Amino acid sequence: MKLFSKRQWIAATVIASTLLVKALGSTATASQPPIATIQRLSAGDRACYVELRDDSGQTSTEFANFEICEQPLVGKRVRLTYESGNILAEACQGNPDCGQSETVMLITQAEVLAPVNAPTTTIQSLADGNYRYWSGTSNQSIVSDETLLANGGTVFRFRKQGNNVSGVFSYVDGEAICVQGQVNGNTISGIAVQTLQGASVLSAGESFASFGPSATLSVRRGRKISRQVVRYDSALLNLAGLNRINAGSVLPPLGCI
């Protein structure tokens, strides 16, 4: 077994340290994100290394005070404060006794923010207008159609006027149904109408049946209006588990009948 000499070991250590510093970057830039989601925290010899993803999807790694690495911030969307500070110089190669330092921009504070699509109010307390709610979550302020298709789930696109709500509940890239009724808290009670060639009645009696695999919408008292229209005289749509996203470009219906 061949052993490294002391000189070879020092050289290898210097190379590894240099590569790490190049990968992380050692100077502040104008592109340091003020708001981002923390992907990873790593305490190094010189500082706490913070891997970030901003709202546009760009990633970067920034220096931070060591205290940042001690906080439960991974996966959190945060507002960042940067200040000039001194860290161990790169030339010290991790030796804290070398006596050299360099000035960089450090993250000194990370204020945890609520997810941009986190529900802060009930559906009933929303102002009149058009809205869209999704069963998924995202740290982006705008959720694109591509994101919806990639993640799936259920979506409710609706119009609210007072306590009157009308909209389309659908599975992403799947079946859809119009829901119209009165909102109480996060629950809408009223009717539902599905227009689909070959649509079948899920429940004609007094027992509720789920519309699809999700338990978000339940329907009953259904009957065929035509070969492609099924009407349910009783429907319950519970939006408590859905998150508000951007309203999108498609307008919700004025009503279902």
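Each of Y49, I225, L236 was placed along the dipole of the chain (beta-carbon charges, centred on the mean Cα), and the one lying farthest toward the positive end is I225.
What's the magnitude of the charge dipole for the chain around its Cα centre, counting Lys and Arg as +1 and Asp and Glu as -1 at the beta-carbon? Answer in Debye, nearest 20.
On the way: 21 positive and 19 negative charges, 213 e Å.
The calculation lands at about 1020 debye.
Specify the inter-centroid distance of the range 171-202 and the range 37-77, based on alpha-carbon positions, in whole Å. For the range 171-202 versus the range 37-77, the Cα centre distance is 43 Å.
Report the GluC sites (Glu not before Pro) located in the range 68-167 that are in a DSSP loop and have at most 11 other Cβ atoms inside 10 Å of their Cβ, or state none. Could the numbers behind the result be given before it?
Values: sites: E70, E83, E90, E102, E111, E146; in loops: E70.
Answer by residue number: E70.
Listed values for the range 180-191 are Karplus-derived 3J(HN,Hα) couplings in whole Hz (6.51 cos²θ - 1.76 cosθ + 1.60, θ = phi - 60°), namely 9, x, 10, 9, 9, x, 10, 10, 10, 10, x, 10, and x replaces Gly and Pro. Measuring nothing but how far apart in sequence close Cα pairs (under 8 Å, 6+ apart) lie, relative to its length, the range 121-180 scores a relative contact order of 31 percent. Candidate values [x] 50, 40, 30; [y] 86, 48, 28; [z] 76, 41, 39 were compared with Cα extents along the principal axes in Å computed on the shown model; the agreeing label is [y].
Under a Cβ-Cβ cut-off of 15 Å, what is the net charge of the residues other than L88 that fall near it, where Lys and Arg count +1 and Asp and Glu count -1? Numbers along the way, then the final one.
Working: positive: R46; negative: D45, E90, D97, E102.
Neighbourhood net charge equals -3.
Counted by Cβ distance under 14 Å from R53, the other residues give a net charge of -1, where Lys and Arg count +1 and Asp and Glu count -1.
Between the residues V112, S60, Y171, the greatest Cα displacement towards the positive end of the dipole of the chain, with unit charges on the Cβ of Lys, Arg, Asp and Glu, is found for Y171.
Each value in this text was obtained by applying a stated rule to the coordinates, not by laboratory testing. Just so you know, these numbers come straight off a predicted model, no measurement behind them. Don't worry about glycine lacking a Cβ; one is built from the backbone with ideal geometry, like all the others, and counts go over all protein chains shown.
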